[in-house]
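Engineer: One structure coming up, written as structure tokens, with questions to follow.
The values are calculated or read from the model by the stated rules, or taken from the named source; none is laboratory data. Please read these numbers as outputs of a predicted model, since none were measured by experiment. Note that each Cβ is placed from the backbone with ideal geometry, even for glycine, and that neighbours are counted across all protein chains shown. Quick note on the areas: whole protein, heavy atoms, side chains included, nothing else; ligands and nucleic acids left out. Shrake-Rupley method; radii C 1.70, N 1.55, O 1.52, S 1.80 Å.
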Amino acid sequence: MKAAKPIYVIGHRNPDTDSICSAIGYAHLKQAMGENAVPARCGKINNETKYALEYFKMQEPVLLTDLYPRVKDVALECKTVVRQHDTLRHLGEVMRKSELQSVPVTDSKGALVGIVTVGDLAKRYFLELGLQSLVDMRVRYRDIIQATDSKVLVSGDENAFIEGNICISAGSAETTLTVLKPKDIILVGDRSIETLSRFIDAGIACLIVTGGCRIAPEILEGCEQRGIFVLATPYDTYTVGRMLNQCVPIRRIMKPDPVCFRPMDLLSDIKGVMNEHRYRSYPVVENGKLVGIVSADEIMLPERERIILVDHNERGQAIEGIEDAKIMEIIDHHRLGGLNTSEPIYTHQEPVGCTCTIVANMHWHRDIEIPPSIAGLLLSAIISDTVLFKSPTCTPYDKKTAERLADIANVDLKEYGLKMLRAGAGIGDKTPAEIAKNDMKEFKIGDYRIIVSQISVMDTKEVLDIEEQIVKFMKDNCEREGFDMHLLMVTDILDEATYLMYAGSPKTLIGEAFKKDASGTHVYLPGVMSRKKQVIPPLSEAVKRIKPQ
């Protein structure tokens, strides 16, 4: 049985502090309400967010690279396996009890070495023309003992390989002796001491007494002196003859190197392999060890990942594979971005400065206590998104919520806020590419696909000094990924202004939106700090004027 899937609470790509902290905060709320919610992320955590997590001693959310269905999502625990040295009789019992059509074969350490099917077992019996030589099959005496449920009356080396043929003493002793050779194994029923003595003198290696018949002590003594195995089985001679064909080790009929998959293989990648081979099921291995089994039927309708989106609602900002997931809820503070769902869902969107403002108040509205560590993260996101209440997106509701959270987290709001912003400000050891992709979001504005990134700094000069390299990356990124424009907001926290760098076309969009000369590679926008409220809206209006829709 597969464990019930969790509900992943996840923010947008290239996550900022609000994206990470709202995922953690809303997962806490859902957990308190009895849901198996897990906070997740789909990108690297920035320095500012890292500072907040470390300050409040909280773990990073689990990293998800995409939501495409994988083998691990449909694989079943494999409780039925056989070992390569087990007998065919054991295999038959396993298949009968489990009603399986194929069974993985492992070695003694659990590593997958093959797979055996009902067809393989049937083929073995179809080829039988009577008692087969077990020499070529490398059968050991222990296999015979196991297959025939024998009691060992005179012991020997049970790990030794059989060196002779199987002979059934069904007629006269003379007839049997004409075919009996040294090292052979003979099956006998109720025979006289004289007859048995003649068989022993012929140099047999093993005497199997069938039907529960008794053996005279002198015969047992003679066998012990000559090193002859003596086994006693309760089954009749005909049945034992059939059983001996079942003492062949599974490894002699199994398919070695079977088609198998790994837990992280995409279902879309393995369907072609399944169509080619058309087996009922396939082993799932990891580091050579068997970890599960996947049925061809299971991949037709895999259970979708359950997702709650926070701090975004646009397809271009969502994790890869969102179309293959089941969106349960959306908690956000941005414009509606056109994600489609297969059924009605719960959405909560408010025109506030931060998603965590919404999450905090959802806790309070439901009388769910917010622990100090969670309160500290929610506070951190509000400080980040409102730039310590300087951003025009900030509302009195944000500030009131932040003050209440600061009391719960037991921190000085302004002192902590400045330290956190300072930890995230500056480029540090970031490359031009990392700067250009910092807090990157994709927007569809008119017919244009546009990326808008943002980095907050205390000193814009350190970014402007490498503007040429940054703009080159942005231009290359547009060509490589098929975007029309790539914009980077270099926001000065102290001066409350932004240098807007851009690459791609049409540059007239920038000029029209901000009433600036856009012939260069950046424009200066005093008082601009918010992408959501001061950059996207002017661009959306400008596109209507330069290219009527």
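Engineer: Accessible surface of residue 268 in the full protein assembly, 1.4 angstrom probe, to the nearest 10 Å²?
Structural biologist: We get 90 Å² for residue 268.
Engineer: Given the whole protein assembly as supplied and a 1.4 Å probe, what does the accessible area of residue 255 come to in Å², nearest 10?
Structural biologist: About 70 Å², ignoring ligands and nucleic acids.
Engineer: Restricting things to Cα coordinates, could you compute the convex hull volume per residue of the chain in Å³?
Structural biologist: Values: hull volume 115.0 nm³, N = 549.
Taking only Cα atoms, the chain has a hull volume of 209 Å³ per residue.
Engineer: Just for the stretch 244-327, what percent of DSSP beta bridges are antiparallel, to the closest 5? Please report the intermediate quantities before stating the final value.
Structural biologist: Details: 6 of 9 bridges.
Approximately 65 percent, going by the DSSP bridge assignments.
Engineer: So which of 50/533; 44/444; 419/533; 419/507; 151/181; 50/441 end up more than 29 Å apart by C-alpha? Could you put the intermediate results ahead of the total?
Structural biologist: Values: 50/533 26 Å; 44/444 24 Å; 419/533 25 Å; 419/507 37 Å; 151/181 24 Å; 50/441 20 Å.
Among 50/533; 44/444; 419/533; 419/507; 151/181; 50/441, the Cα-Cα distance tops 29 Å for 419/507.
Engineer: A further question on this structure: To the nearest 10 degrees, how steeply does helix 17-32 sit against the main Cα axis of the chain, on a 0 to 90 scale?
Structural biologist: 60 degrees
Engineer: If you plug each phi of the stretch 305-313 into the Karplus form 6.51 cos²θ - 1.76 cosθ + 1.60 with θ = phi - 60°, what whole-Hz ³J(HN,Hα) values come out, in order, with x for Gly and Pro?
Structural biologist: So the J values, rounded to whole Hz, are 5, 9, 10, 10, 8, 10, 6, 5, 8.
Engineer: List the chymotrypsin sites (Phe, Trp or Tyr not before Pro) in the stretch 149-230 that DSSP assigns to loop (not H, G, I, E or B) and whose Cβ has at most 12 other Cβ atoms within 10 Å. Which are they?
Structural biologist: On the way: sites: 161, 199, 229; in loops: none.
Nothing satisfies the criteria.
Engineer: Treating cross-link reach as a plain straight distance, find the aspartates and glutamates whose alpha-carbon is under 13 Å from the alpha-carbon of residue 255, omitting any fewer than eight places away in the same chain.
Structural biologist: 120
Engineer: Around residue 134, which amide H atoms from residues at least 5 apart in sequence, or from another chain, sit under 5 Å from its own amide H, with H modelled in the peptide plane?
Structural biologist: Those qualifying (amide H under 5 Å, at least 5 residues apart or on another chain) are 166.
Engineer: Based on Cβ point charges of +1 for Lys and Arg and -1 for Asp and Glu, what charge dipole magnitude is obtained for the chain about its Cα centre, in debye rounded to the nearest 20?
Structural biologist: On the way: 68 positive and 76 negative charges, 125 e Å.
Once rounded to the nearest 20, the dipole reads 600 debye.
Engineer: Which value in deg cm²/dmol, rounded to the nearest 500, describes the helix-derived mean residue ellipticity at 222 nm for the chain, given -39,500 (n - 2.57) per DSSP H run of n ≥ 4 and division by the residue count?
Structural biologist: On the way: 21 runs with 200 residues, N = 549.
About -10500 deg cm²/dmol.
Engineer: Can you send over the solvent-accessible area of residue 415, 1.4 Å probe, protein chains only, in Å² to the nearest 10?
Structural biologist: For residue 415, solvent-accessible area is about 100 Å².
Engineer: Before I look further, what does the chain give for accessible area per residue, probe 1.4 Å, in whole square angstrom?
Structural biologist: Using a 1.4 Å probe on heavy atoms only, each residue of the chain averages 47 Å².
Engineer: In addition: Show the residues, 5+ positions off or on another chain, whose built amide H is closer than 5 Å to the amide H of residue 115.
Structural biologist: HN-HN under 5 Å from residue 115: 105, 255.
Engineer: How much of the accessible area of the stretch 344-485, probe 1.4 Å, is carbon plus sulfur, in whole percent? Present the calculation step by step, with values, prior to reporting the outcome.
Structural biologist: On the way: 3080 of 6340 Å².
Ligands and nucleic acids excluded, carbon and sulfur give 49 percent.
Engineer: For residue 109, list the aspartates and glutamates whose Cα falls under 18 Å from its own Cα; do not include residues on the same chain fewer than 8 positions away.
Structural biologist: Those aspartates and glutamates meeting the cut-off are 77, 86, 257, 286.
Engineer: Excluding residues on the same chain fewer than 8 positions from residue 72, give the lysines whose Cα lies under 19 Å from its Cα.
Structural biologist: Cross-link targets: 2, 5, 271, 289, 326.
Engineer: Which residues' amide hydrogens lie under 5 Å from the amide hydrogen of residue 353, considering only partners 5 or more residues apart or on another chain, with H built in the peptide plane?
Structural biologist: Amide H to amide H, under 5 Å and 5 or more residues apart or across chains, residue 353 pairs with 395, 398.
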